[in-house]
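Worksheet: the structure to be examined is printed underneath.
The values are calculated or read from the model by the stated rules, or taken from the named source; none is laboratory data. Quick caveat: nothing in here was measured; it's all calculated off a predicted structure. Neighbour counts are summed over all protein chains in view; Cβ atoms, including those assigned to glycine, are modelled from backbone coordinates with ideal geometry.
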Amino acid sequence: MIFNGIDLSPYLRIKEIHGRGISPSELTLIDVPAMDGAYYSQKRRPPRVIEIEADIRASNREELRTKLDQLNAILDVNQPVPIIFPDEPDMIYYGIPESTGEGNEYTFLHQVQLTIICPDPYKYSDEVIVEFPSDVVTVTNEGTAEADPVFELEVLEPVTFAMIQNQDEDYMMIGRPVSAEEIAFEREERILHDAMNSTVGWVEGVDIDGDISGTMVSADGKFVVSDFGEPSEAKWYGPALRRSLPELLQDFRVDILVENFNTTEGVGRVDVYLLDSSNRTVANIKMSDAWQTIKRNRARGYLQNPERTEQLIYTHETTSQATGELWNDFDGIFRFQRIGNLWMLYVGKVRPDGTHHARRIVRYSDTLEEFSQPIAQVQIHMGIFDDHPPTDLAIKDLKVWKINDPADDQVPYIAHEGDSIVFDHTNEDILLNGEPRKDLKDFGAKFFKLKRGNNQLIVHPDSFNTKLRYRKRFI
């Protein structure tokens, strides 16, 4: 028996397992006075209860007590975990121990009964991966129950929509097609992409929160600090660089990938500013660990004009569950966006597979147009405080988009060549380049399942390399 990835055969000799036979159902019936029988309403599958009888064997009493202690530690889990039984090596159950019973104990033997509750009553196969050879395929689900698919679409050309439907006309879709009376439109026009391979095009920074000193260089495809300079009265100090945009921007989106891998002793911050043509700050996001003896990254986000500052992102919680603690060892994204008078600041970590998590999104309606200055420059800064050792800081990528306002007969592109779209019907989520984007979901779309047997799947338009992942599910 494999419990949560651990082979229990050195601890347990299983004698009997109950709860994997004919699956029960719970029926909901409606009684009607004076009527024989009842009306059937619905049925559900209750949690699966697995009961195991086993012996724990040892060569002496001391070894027996040690094995019991080790087994208690292994079985002490806080959520359902994968369980594999030796006579079903290709099936995975998900359960959590609920209770135990004890039989006789001898010098070399302890008899035990273990009850495991599986809130999800189904068992699962390993993941099945299907590469679509065309935009119409038939997939055979060999499980005895419906399965939850995950569709991964690699975009080959600009698209205004992405859609997958089945033979029952259930469908999942984001965006919308272009009619004969409409034209596709580039709403987000990328005007700058800097992969941080060189500091050419960047000049000395201006007006940071602290003193500018030291040197920033490009190394291994990212900007890092080669020298922070000398401590100053401002306490925070380090290099800053800025670069001009190809044009002044009113409506825009700026994405920048940064790192702040912090330590208990280290102190450091990474800072990104949007500047106007007079070198004045319009918006700023920073990720900093300012504590000497604790590992605690914090994000701050501001809008600013010469008269006042509006703070949008501020994390002050100090518990282990606070967003700030989730931002430790930060490897993620800062985003600035302004459309009309609506600002959005975004901070999130990015996993190696590109998915976003530990996210914070704050929107602000600038109805008085206090922070409406056109954006002319992007400024970056990495700094340390006083003479404390630095955290591991880096700036990895910068992209800037101009956001255009569509006419009534224009339909915006939602994805471009190289982008990734994921329809995750297991978790009921939609990801665009790793970022949750359920806001793009069509009103009538649904997270449909793979039926038992044959499923015809159609992809629209024919502009993707499509992959399906699912796990066969058994009653």
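Would a scan of the range 434-445 turn up a residue that is touching a residue at least 60 places away in the same chain (Cβ under 8 Å) and among the aromatic types (F, W, Y)?
Keep residues of the range 434-445 that are touching a residue at least 60 places away in the same chain (Cβ under 8 Å), which gives 434-437, 440-442, 444-445.
Pick out the ones that are also among the aromatic types (F, W, Y) and you get none.
Within the range 434-445, not a single residue is touching a residue at least 60 places away in the same chain (Cβ under 8 Å) and among the aromatic types (F, W, Y).
So for the range 271-283 (the condition being farther than 20 Å from V378 by Cβ, β-branched (V, I, T) and either surrounded by 24 or more Cβ atoms within 10 Å (Cβ to Cβ) or touching a residue at least 40 places away in the same chain (Cβ under 8 Å) (or both)), does at least one residue qualify? Walk me through it before giving the result.
Pass one, the range 271-283, residues farther than 20 Å from V378 by Cβ: none.
No, because not a single residue in the range 271-283 is farther than 20 Å from V378 by Cβ, β-branched (V, I, T) and either surrounded by 24 or more Cβ atoms within 10 Å (Cβ to Cβ) or touching a residue at least 40 places away in the same chain (Cβ under 8 Å) (or both).
Scan (1) in a loop (DSSP other than H, G, I, E, B); (2) under 19 Å from G354 (Cβ atoms) for the single condition L468 breaks and write down its number.
Every listed condition holds for L468 apart from (1).
Answer yes or no as to whether E62 is surrounded by fewer than 15 Cβ atoms within 10 Å (Cβ to Cβ), in a helix (DSSP H, G or I) and acidic (D, E). Before the answer, list the steps.
Details: surrounded by fewer than 15 Cβ atoms within 10 Å (Cβ to Cβ): yes; in a helix (DSSP H, G or I): yes; acidic (D, E): yes.
Yes; evaluated as a whole, the condition is true for this residue.
Would you mind finding the one in G103, G143, G95 that is within 30 Å of N60 (Cα to Cα), touching a strand residue (DSSP E or B) at 6+ places or on another chain (Cβ under 9 Å) and not acidic (D, E)?
On the way: G143 fails: within 30 Å of N60 (Cα to Cα); G95 fails: within 30 Å of N60 (Cα to Cα).
That would be G103, the only listed residue that is within 30 Å of N60 (Cα to Cα), touching a strand residue (DSSP E or B) at 6+ places or on another chain (Cβ under 9 Å) and not acidic (D, E).
Find all pairs meeting these conditions: Cβ atoms under 6 angstrom apart; at least six residues apart or on different chains; first residue within the range 344-357 and in contact (Cβ under 8 Å) with a residue 12 or more places away in the chain and surrounded by 12 or more Cβ atoms within 10 Å (Cβ to Cβ); second residue assigned to a strand (DSSP E or B) and polar (S, T, N, Q).
Going by the 6 Å Cβ cut-off, the qualifying pairs are M344/Q337.
If you check Q292 against the conditions, is it in contact (Cβ under 8 Å) with a residue 12 or more places away in the chain and assigned by TED's automatic domain parsing to the domain that holds D387?
Yes; evaluated as a whole, the condition is true for this residue.
I want to confirm something. Restricting to the range 158-195 and keeping residues that are surrounded by fewer than 15 Cβ atoms within 10 Å (Cβ to Cβ) and of a type in the set (D, E), which single residue is nearest to the chain's Cα centre (by Cα)?
E189
Could you check, for the range 81-96, whether at least one of its residues is surrounded by fewer than 16 Cβ atoms within 10 Å (Cβ to Cβ) and assigned to a strand (DSSP E or B)? Outline the logic, then answer.
Within the range 81-96, the subset surrounded by fewer than 16 Cβ atoms within 10 Å (Cβ to Cβ) is 82, 86-90.
Then keep just the ones that are assigned to a strand (DSSP E or B); that gives 82.
The answer is yes, given that some residue of the range 81-96 is surrounded by fewer than 16 Cβ atoms within 10 Å (Cβ to Cβ) and assigned to a strand (DSSP E or B).
Answer yes or no: is there a residue in the range 185-206 that is at positive phi, touching a Phe, Trp or Tyr at 6+ places or on another chain (Cβ under 8 Å) and of a type in the set (A, V, I, L, M).
yes
Which residues, taken from the range 200-239, are touching a residue at least 60 places away in the same chain (Cβ under 8 Å), assigned to a loop (DSSP other than H, G, I, E, B) and not hydrophobic (A, V, I, L, M, F, W, C)?
Matches in the range 200-239: G205, D207, D209, G210, G221, P231, K235, P239.
Return the total of residues in the range 22-59 being small (G, A, S) and assigned to a strand (DSSP E or B). I'd like the intermediate steps shown before the answer.
The initial filter retains those residues of the range 22-59 that are small (G, A, S), namely 23, 25, 34, 37-38, 41, 54, 58-59.
Checking the rest, the ones that are also assigned to a strand (DSSP E or B) come to 41, 54.
Result for the range 22-59: 2.
Pick from the range 243-282 the residues that are among the aliphatic types (A, V, I, L, M) and farther than 18 Å from E188 by Cβ: which of them is modelled with the lowest pLDDT?
Within the range 243-282, the first condition is being among the aliphatic types (A, V, I, L, M), and the residues that meet it are 245, 248-249, 254, 256-258, 267, 270, 272, 274-275, 282.
Narrowing further to those that are farther than 18 Å from E188 by Cβ: 258, 267, 270, 272, 275, 282.
On the way: V258: 97, V267: 91, V270: 96, V272: 96, L275: 96, V282: 95.
My answer is V267.
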